[in-house]
Structures are given as C-alpha cells and as structure tokens.
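Notes to accompany the following structure.
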Amino acid sequence: VTDTTGRSTTGTSFALNSSSLTLNITPSSTSSKILVHLSCLLYINNSSGRLTIFRDSTNLGGSGANDSFIVTDGDAKYFATSGVTFLDSPSSTNAVNYQIRFKSDSGVAVNVVGGGMLNTFTLMEIEA
C-alpha cells in the first residue's frame, strides 16, 4: 500500500491510528515466511515517539522498554526516515493482519508525515 496521508497521535499506548495502515495476507503454508517492509517519515517535537508493527494482536517489535522497531531520541525536532524490514513466521494458513502503530512516550504529538511524502507498507509471502 502507498499512502500520502499524515497521521498524528498523542496517545501513550500503541493503537491503530488508521485503518489504511493495515494489510492482510493469507499464507499458503504454515511454513511460509512473510517479509514485512515499511518506509515512512516519523516526526515528534522535543520528545520521543515509537513506531512498531503488529501481527494481529502481537507486537512484532517486542515488549517492555524494547517495544518498537523505531524510537526517536527525544532531542529537539526529530525526523526519522524509517525503513523497517522484518521476516515474520506466522505459522498459519488463515488470514493474518499486519498493522503499523505508533505512540508518544510523553503525550506530545507524534506524526507519521504525509503532505506529499510517500509512505509504503508491503507484505510478501516467501514459501519455505
């Protein structure tokens, strides 16, 4: 999916911020892998924000302090040209839903920038 819509949240927990930031794929085999690729621009002013990818209700970025693929550094204005490539093993032949989610660490608005900036989200099955 390609998208140029900007999105923003002040939420401090990962939530689905837009239904267009989701993709579904149905693996043909339980041994198939799913290559997940995301490219976007993340922005937050004078604070830190996080971006991750969920498979259904599972955060693929991890848990606890290491709960995301991308973390801004919290210094001044911060732009992160974010490229994430992740090889997932869903072990399923049912439809699997992948979602881009982001959050603020402090309640300051964190943005996935649009306004002509191209954001991409791609899934590809790799059969074993």
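Quick notes
- Every condition in (1) among the small types (G, A, S); (2) under 17 Å from R101 (Cβ atoms); (3) part of a loop (DSSP other than H, G, I, E, B) is met by S20 except one, and the failing one is (3).
- For F14, the stated conditions do not hold, so it cannot be described as closer than 30 Å to A128 by Cα, crowded, with 16+ Cβ neighbours inside 10 Å and at pLDDT 80 or above.
- Subset of region 26-43 [assigned to a strand (DSSP E or B) and either surrounded by fewer than 18 Cβ atoms within 10 Å (Cβ to Cβ) or among the hydroxyl-bearing types (S, T, Y) (or both)]: K33, L35, H37, S39, L41, Y43
- Residues in region 85-121 that are open to solvent by 60 Å² or more (accessible area, probe 1.4 Å) and either over 28 Å from A65 (Cα atoms) or touching a Leu at 6+ places or on another chain (Cβ under 8 Å) (or both): T85, L87, T93, N94, A95, G115, G116, M117, L118.
- Residue list for region 72-87, filter: at pLDDT below 80 and of a type in the set (A, V, I, L, M, F, W, C): A76, F79, A80
- Of the residues S89, S8, the single one that is in contact (Cβ under 8 Å) with a residue 40 or more places away in the chain and over 18 Å from T122 (Cβ atoms) is S8.
The values are calculated or read from the model by the stated rules, or taken from the named source; none is laboratory data. Owing to the predicted nature of the structure, the values given are computational and were not obtained by experimental measurement. Cβ atoms come from the backbone with ideal geometry, glycine included; neighbour counts cover every protein chain shown. Calculation scope for accessible area: heavy atoms of the full protein, side chains included, ligands and nucleic acids excluded. Shrake-Rupley method; radii C 1.70, N 1.55, O 1.52, S 1.80 Å.
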